[in-house]
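Single-structure report; data block below.
The values are calculated or read from the model by the stated rules, or taken from the named source; none is laboratory data. All figures in this text were calculated on a predicted structure; none of them were measured in a lab. Every residue, glycine as well, gets a Cβ built from its backbone with ideal geometry; the counts of neighbours run over all protein chains shown. Side chains included, ligands, DNA and RNA excluded: accessible areas come from the protein's heavy atoms. Shrake-Rupley method; radii C 1.70, N 1.55, O 1.52, S 1.80 Å.
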Amino acid sequence: MTPAAHLQAIIETLTAVETFNGPASHEISRYFRGRRYVGAKDRRKIRDVVFDIIRNQIRLDWYLESADTESSPRSRTLIKYLIDGQTPKAIELLCNGSKYSPQPLDTTEHKLVSSFMDLLPQLKQTEPSWVKGNYPLWLEPELQRSWGDSLLTEVSALDSSAPTDLRINEAKATRNAILQSLRTQGFNAIATPYSLNGIRVFERPAITRTKEYRNGLFELQDEASQLVTNLVNAESNHCIVDFCAGAGGKTLPLAAMLGCRGKIVACDTSSSRLRNMEPRIKRAKLRNVERHVLVHNDPWLRQLKGDADRVLVDVPCSGTGTWRREPDARHRLNPLILKEYIMKQREILDQARQLVKPGGWLIYSTCSILASENSNQIDYFLHKRKEFSLSPIGPIWRKTVGIIDVPEEPMLQLTPNRHGVDGFFIAVLRRAF
């Protein structure tokens, strides 16, 4: 592709992401599916620039507003090119209106392109805190409550590049064997520092093309998510319910931990999500997984009432802890959506607690860094449900993870800044009666 075609493809891809308002990765893939002629190297280059613009959209939009220019996929791309070193003259030549090239610059764009780099030093000096931290202005009170003086340090780490983490299928392989195999194939792989069953691979490898992945020897899963399943502290004879199982990211490792004596029930309100679990179950050769589609006023909840040793509630949430991997998620979140998540989390937690037997555990987790979805929800629940109490996470961590960085707080908040993993919250609640 020519440089002009690259620029046009970036603008078109960003426009598709903004128009359909879905996950950027889906829209980018859809864009390329309709353009099979674009080679792998060009796709990677376009994808990298698109995600860089999405990741920095808050800052770019503020720059454009300060320059009295309307924000759009095209205007963001133009100033991104300037910041990355393209000259105004070069951009003008790229936007020549020929086939596969952007339309020529209009009068406003000419003014922007010619003057922006002179304005940029002053803009950088006057960035407000929410622009420096790259988060929506409306979210600042929430983040301030969660992090206080550490706010900028914590949210800045959410702009870092996330590695690829793998979870080994314990039923079929060992970490050492997979590590050795991947390194032999040229992958830059290390053992994860916390998860005893994880591997971290750098440089965005084509890991799903390996025979190990095809044969079900490992799954892709961030180390933070792996730690959630470790902290469930599953024992071989347990009955475990994964109440918000989705496609089985936590069901599968829990099933492997249980072996043939235990049972896990994967629940979800979506039958299609549970069906999507089937190929993964077969690839992992697991035979102790049951699936149940939850419905309104579900009689199944009454049938299993008080029977489960562990109930994992990995609730739908804002996803603020995963901004490293989904930078566009910060643009899709708004106050109404956050409020709906909070209400839904309370409803799910209250439904799931019925299944826990006396002495059993209710494990609540989110991929959020917001107190309103995390510690505040636990406080609200414990105020209502006196049969439950908070089990400090430290002793459980020491038993299931090890002695490294044992949490001192009773609830666990993982972050990219502190732990090098996605932002995850975990609390363990024990039922007394």
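Rank-order 23-35, 135-147 by packing density, defined as the average count of other C-beta atoms within 10 Å over each peptide's residues, highest first.
Values: 23-35: 15.4, 135-147: 17.2.
Output ranking for 23-35, 135-147: 135-147, 23-35.
Give, rounded to the nearest 20 debye, the magnitude of the charge dipole that segment 255-377 has about its Cα centre when Lys and Arg contribute +1 at Cβ and Asp and Glu contribute -1 at Cβ.
Working: 22 positive and 13 negative charges, 108 e Å.
Dipole about the Cα centre, nearest 20: 520 debye.
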Efficiency of FRET between Asp68 and Gln103 - r from beta-carbon atoms, R0 22 angstrom, step 0.05: 0.55
Cα centroid separation, segment 39-61 to segment 350-388 (Å): 39
Sequence ranges 172-179, 118-125, ranked by mean other-Cβ count within 10 angstrom, highest first: 172-179, 118-125
Bridge type composition, segment 158-280 - antiparallel percent by DSSP, nearest 5: 70
The chain, accessible area per residue, ligands and nucleic acids excluded (1.4 Å, Å²): 46
Shape box of segment 323-362 [Cα atoms, principal axes, largest first, Å]: 42, 23, 9
Distance violations [Cα-Cα > 28 Å] among Lys80/Lys132; Lys45/Lys99; Lys41/Lys282; Lys41/Lys124: Lys41/Lys282; Lys41/Lys124
Quarter of Cα convex hull surface for segment 260-328, i.e. mean projection, nm²: 6.9
Signed unit charges on C-beta, dipole axis of segment 70-109, positive-most listed residue Ser71, Asn96, Thr108: Asn96
Accessible carbon and sulfur surface of segment 1-117 relative to its total accessible area, %, 1.4 Å: 51
Ratio of Rg to Rh over segment 41-128 (Cα coordinates, Kirkwood Rh, two decimals): 0.96
Cα-Cα pairs of segment 1-158 separated by more than 30 Å (percent): 21
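In percent, what relative contact order does segment 115-245 have, based on Cα pairs under 8 Å that are 6 or more apart in sequence?
22
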The chain - mean residue ellipticity at 222 nm from DSSP helices (-39,500 (n - 2.57) per run, n ≥ 4, rounded to 500): -13500 deg cm²/dmol
Percent antiparallel among DSSP beta bridges (both partners in the chain, rounded to 5): 55
Inter-centroid distance (Cα atoms) of segment 113-130 relative to segment 184-237, Å: 42
Gaussian network model of the chain, Cα within-10 Å springs - most flexible of Asp48, Asp106, Asp159: Asp106
Gap separating the Cα centres of segment 63-99 and segment 3-25, nearest whole Å: 14
Solvent exposure, largest accessible area first (probe 1.4 Å, DNA, RNA and ligands not counted), of Thr13, Thr208: Thr208, Thr13
Normalised convex hull volume, segment 236-354, alpha-carbon set, Å³ per residue: 119
Choice from Arg204, Arg330, Arg291 showing the highest fluctuation, given a GNM over the chain with Cα pairs closer than 10 Å: Arg204
Computed over segment 307-413: relative contact order in percent, which uses C-alpha pairs under 8 Å that are six or more apart: 32
Ranked packing of 270-276, 84-90, most packed first, by mean Cβ within 10 Å: 270-276, 84-90
Largest to smallest principal axis extent of the C-alpha atoms in segment 75-169, angstrom: 49, 45, 22
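Please work out whether segment 124-248 counts as rounded, prolate or oblate from its C-alpha gyration tensor, where a ≥ b ≥ c are the square roots of the eigenvalues and a/c under 1.5 means rounded, while otherwise a/b larger than b/c means prolate and anything else oblate?
Oblate.
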Which label in [x] 72, 48, 43; [y] 75, 44, 40; [z] 147, 61, 40 gives the computed Cα extents along the principal axes in Å: [x]
At 1.567 mPa s and 4 °C, Stokes diffusion of segment 176-253 via Kirkwood alpha-carbon radius, µm² per second: 93
Degrees separating the helix 3-20 axis from the principal Cα axis of the chain, which is the longest one: 50
Accessible surface ranking that places the most exposed of Phe433, Phe187 first, with a 1.4 angstrom probe: Phe433, Phe187
Cα lying deepest toward the dipole's positive end in the chain, options Val155, Ser389, Thr229, charges on Cβ: Thr229
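Evaluate the charge dipole of the chain about its Cα centre and quote only its size in Debye, nearest 20, assuming +1 on the Cβ of each Lys and Arg and -1 on the Cβ of each Asp and Glu.
The calculated dipole for the chain is roughly 1980 debye.
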